[in-house]
């Protein structure tokens, strides 16, 4: 099994959560899968979440509700679980190709069996979802920009939306026949080559996201404006693919 690259405190939180799930669900628990930054080695303390998939044999609301008390404990606030059955995963890859491609490329089974290794994802569904997701984010960010009154909120808006947009752009690279890197820094480099975006703008956002630099309110707004310009350029390019 791939090693989990987390500090001891975060590991202990994850381990305690998994043990509690096993006690709650017993035979109904098929597997627990860690994905996202914690699986890729990009986890940032006090910034990243622990994203997990909890696979159950039965996932009706009465079963999911059994974990309600666990999920709402303050010490587990960084854990963001999704509850699925194995059948739901196998029948949803055509609807969510971006998400399942990202998960399949970088995940760690932390309990139970590997239910992802044999799933099939048809990449013909990718272009449509990529265009739809990018344009929706562009619209939502423009709308939010008009409503933001607190400069700090604009900075948070930029940083909180950045990772999901990079995930979509990884799939855009695949549509163009490229081998899409997983590390965010490398995704930025490849996207800048393909779409002539300003890589330094995106790298600064990533640095702020990872707490390597602090942004003033003025710097955050300048980055937001330039990022939106680049994102619009990418949306137009994806539309022509």
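The values are calculated or read from the model by the stated rules, or taken from the named source; none is laboratory data. For clarity, every value in this text was computed on a predicted model and none was experimentally measured. Glycine also receives a Cβ, built like all others from the backbone with ideal geometry; neighbour counts cover every protein chain displayed.
Some points to look at:
- You will find that of 120, 45, the residue that is free of Cβ contacts under 8 Å to residues at least 40 places away in the same chain and either part of a helix (DSSP H, G or I) or under 25 Å from residue 11 (Cβ atoms) (or both) is 45 and no other.
- Apart from one condition, residue 113 fits all of (1) touching a strand residue (DSSP E or B) at 6+ places or on another chain (Cβ under 7 Å); (2) at negative phi; (3) touching a residue at least 60 places away in the same chain (Cβ under 8 Å); (4) surrounded by 14 or more Cβ atoms within 10 Å (Cβ to Cβ); the exception is (4).
- The one condition in (1) surrounded by 13 or more Cβ atoms within 10 Å (Cβ to Cβ); (2) in contact (Cβ under 8 Å) with a residue 12 or more places away in the chain that residue 92 fails to fulfil: (2)
- Unmet requirement for residue 107, which otherwise passes all of (1) farther than 14 Å from residue 36 by Cβ; (2) under 20 Å from the mean Cα position of the chain (by Cα): (1)
- Filtered residues of segment 18-36 (kept if crowded, with 18+ Cβ neighbours inside 10 Å and either over 19 Å from residue 85 (Cα atoms) or modelled with pLDDT under 95 (or both)): 35, 36
- Residue in segment 67-89 that is surrounded by the fewest Cβ atoms within 10 Å (Cβ to Cβ), counting only those that are free of Cβ contacts under 8 Å to residues at least 12 places away in the same chain and over 22 Å from residue 5 (Cβ atoms): 74
- Counted residues, segment 69-96 - those being closer than 30 Å to residue 120 by Cβ and in a loop (DSSP other than H, G, I, E, B): 4
- The residues listed here are 66, 9, 2; of these, the one that is more than 22 Å from residue 106 (Cβ to Cβ) and modelled with pLDDT under 95 is 9.
- Exclusive hit being assigned by TED's automatic domain parsing to the domain that holds residue 213 and either loosely packed, with under 15 Cβ neighbours inside 10 Å or more than 28 Å from residue 229 (Cα to Cα) (or both), set 127, 142: 142
- Selection from segment 189-241 of residues that are in a loop (DSSP other than H, G, I, E, B) and either more than 15 Å from residue 173 (Cα to Cα) or free of Cβ contacts under 8 Å to residues at least 60 places away in the same chain (or both): 196, 197, 198, 210, 211, 212, 213, 214, 215, 216, 240
- Single condition residue 53 does not satisfy, out of (1) assigned to a strand (DSSP E or B); (2) over 21 Å from residue 112 (Cβ atoms): (2)
- Among the residues of segment 151-182, those that are outside any helix (DSSP H, G or I) and in contact with a helix residue (DSSP H, G or I) (Cβ under 7 Å, 6 or more places away or on another chain) comprise 176, 178, 180, 181, 182.
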